[in-house]
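What follows is a short report on a single structure.
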């Protein structure tokens, strides 16, 4: 019997507000000491009441609109009860009954649309670090504002699961609501996988793989779960509904605990926070702050930049903003320079934090087009545009200082060619060329380039040589 997989994904996105969701504490704990970004609210000391961060509401609106979602004018918070050392309150403040973000969809690069059921605001839990016989808790992450994005079960392959998570990551970064640092857990994915016989109108029993933090891990975990569940079903056994963990090193999931249902959490309205009531004008004003999204760039550049290169560039929102200011006739060349030259550099991440202005890039493409720079020289000048020591210099000045501007004056080039042809060491090559040996033209061009210290335009030199040797 063949089985059809169905996949639903819950994505937790840490919002990059300056302070936490319910207290005025630093929200960016990256690289900081454990338990240093905390407050009495985070510790849940008696009498400490949560205070809602208004910026998180604005971020949630932008995130929702980036996913083509409805924004609910009325929403409210609830308590989700569970007891675990990473949650001092004994409950999580979330939005179970009335979330701020309603239904929408995410369109994959392939054109497939994955529906969003809803997304809600909530405070994150702390982080446990496990050792041989004890565990330590870091509460820096407590009440970091999260939006949890819940997809509909519209995904049916490991590749689409990978592409959906990556597109979500892009959307959240283009909406400027998260740092998007997967290594530090700014986005985490819980993947639900179930199998049912092909043609069945009922979904199978699902297993949830928790806390995946890379697109490749999502894809591999889904592939493993499909294979694992297929083996169980083919053996005539039943899949157990449970939460499973992923081991990146072994490429396997392992059972952790039976899956809780909503009733297990004893949801109740949060008594210490009033309902959120937003005007349509407020929602529209925040929605208008969205800049171009990946789909907009695909539509704009789809005819001029090849799909594989464009999909690489789309991983870098700031780079795409720069591409937006490049002259249309130079788009392809600058796109190729970014992918084949800049992103191949070890310091590419640093370089992307301080991109050159579009005038310098347009000037570079213009100089290449006019044969003032060879292709090699163009790449060298391109990289120097990112050099802090070249700050304040325009493209032409940099090229001149590096001695890379090509000689295009035909009179000057002809004089250099004449000097080379008079040299005894080039006589044999000249005779060979006249006798039909085409390949020796490369040797003669090389001699001219050497004489000109690399500044001669090779194509112009070759034409002059051919004319003179006829």
- Hey, can you tell me all the residues within the stretch 335-351 that are farther than 18 Å from residue 294 by Cα, without any contact (Cβ under 8 Å) to a residue 40 or more places away in the chain and assigned to a helix (DSSP H, G or I)? 336, 340, 348, 349, 350, 351
- Of all residues in the stretch 262-310, count the ones that are over 18 Å from the mean Cα position of the chain (by Cα) and under 30 Å from residue 76 (Cα atoms). 28
- Query: Among the residues of the stretch 310-320, is there at least one that is under 30 Å from residue 21 (Cβ atoms) and outside the structural domain of residue 367 (by TED's automatic domain parsing)?
  - Reply: no
- Message: Within the stretch 334-345, does at least one residue satisfy the condition of being in contact with a strand residue (DSSP E or B) (Cβ under 9 Å, 6 or more places away or on another chain), surrounded by 16 or more Cβ atoms within 10 Å (Cβ to Cβ), within 28 Å of residue 222 (Cβ to Cβ) and not assigned by TED's automatic domain parsing to the domain that holds residue 91?
- Response: no
- Can you work out which of the residues in the stretch 323-333 that are closer than 26 Å to residue 172 by Cβ and in contact with a helix residue (DSSP H, G or I) (Cβ under 6 Å, 6 or more places away or on another chain) is surrounded by the fewest Cβ atoms within 10 Å (Cβ to Cβ)? 325
- Query: Picking from 286, 299, 223, which residue would you name as being surrounded by fewer than 16 Cβ atoms within 10 Å (Cβ to Cβ), out of contact with any strand residue (DSSP E or B) (no Cβ under 7 Å at 6 or more places or on another chain) and not in a loop (DSSP other than H, G, I, E, B)?
  - Reply: 299
- Somewhere in the stretch 266-273, is a residue farther than 30 Å from residue 171 by Cα, touching a residue at least 24 places away in the same chain (Cβ under 8 Å), outside any loop (DSSP other than H, G, I, E, B) and assigned by TED's automatic domain parsing to the domain that holds residue 217? yes
- Task: Return yes when residue 311 is without any contact (Cβ under 8 Å) to a residue 60 or more places away in the chain and either surrounded by fewer than 20 Cβ atoms within 10 Å (Cβ to Cβ) or touching a strand residue (DSSP E or B) at 6+ places or on another chain (Cβ under 7 Å) (or both) and no when it is not.
- Result: no
- Task: Mind listing just one residue for me: the one in the stretch 406-422 that is modelled with pLDDT of 80 or more and either surrounded by 11 or more Cβ atoms within 10 Å (Cβ to Cβ) or in contact with a strand residue (DSSP E or B) (Cβ under 8 Å, 6 or more places away or on another chain) (or both) and, of those, farthest from residue 359 (Cα to Cα)?
- Result: 421
- Message: With the condition being in the same structural domain as residue 314 (by TED's automatic domain parsing) and farther than 30 Å from residue 220 by Cβ, I'd like the strands (runs of 3 or more DSSP E) fully within the stretch 1-118 carrying at least 2 qualifying residues.
- Response: none
- Exactly one of 207, 158 is surrounded by 17 or more Cβ atoms within 10 Å (Cβ to Cβ) and either over 20 Å from the mean Cα position of the chain (by Cα) or free of Cβ contacts under 8 Å to residues at least 24 places away in the same chain (or both), and that one is 207
- Query: In this structure, is residue 396 within 27 Å of residue 338 (Cα to Cα), under 48 Å from the mean Cα position of the chain (by Cα) and either surrounded by 14 or more Cβ atoms within 10 Å (Cβ to Cβ) or at pLDDT 75 or above (or both)?
  - Reply: yes
- Message: Among the residues that make up the stretch 364-386, is at least one of them modelled with pLDDT of 90 or more and not in a helix (DSSP H, G or I)?
- Response: yes
- Message: Checking the structure you have, find out if any residue of the stretch 176-187 is more than 24 Å from residue 295 (Cβ to Cβ), touching a strand residue (DSSP E or B) at 6+ places or on another chain (Cβ under 8 Å) and in contact (Cβ under 8 Å) with a residue 40 or more places away in the chain.
- Response: yes
- Members of the stretch 450-461 that are over 18 Å from residue 368 (Cα atoms) and part of a helix (DSSP H, G or I): 450, 451
- Residues of the stretch 210-219 being touching a residue at least 40 places away in the same chain (Cβ under 8 Å) and either farther than 21 Å from residue 180 by Cβ or surrounded by fewer than 19 Cβ atoms within 10 Å (Cβ to Cβ) (or both), which ones? 210, 216
- Query: Right, residue 440: farther than 26 Å from residue 356 by Cβ and either surrounded by fewer than 18 Cβ atoms within 10 Å (Cβ to Cβ) or touching a strand residue (DSSP E or B) at 6+ places or on another chain (Cβ under 9 Å) (or both) or not?
  - Reply: no
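The values are calculated or read from the model by the stated rules, or taken from the named source; none is laboratory data. Everything quoted here is computed from the prediction, not taken from an experiment. We place every Cβ from the backbone using ideal geometry, glycine too, and count neighbours over all the protein chains shown.
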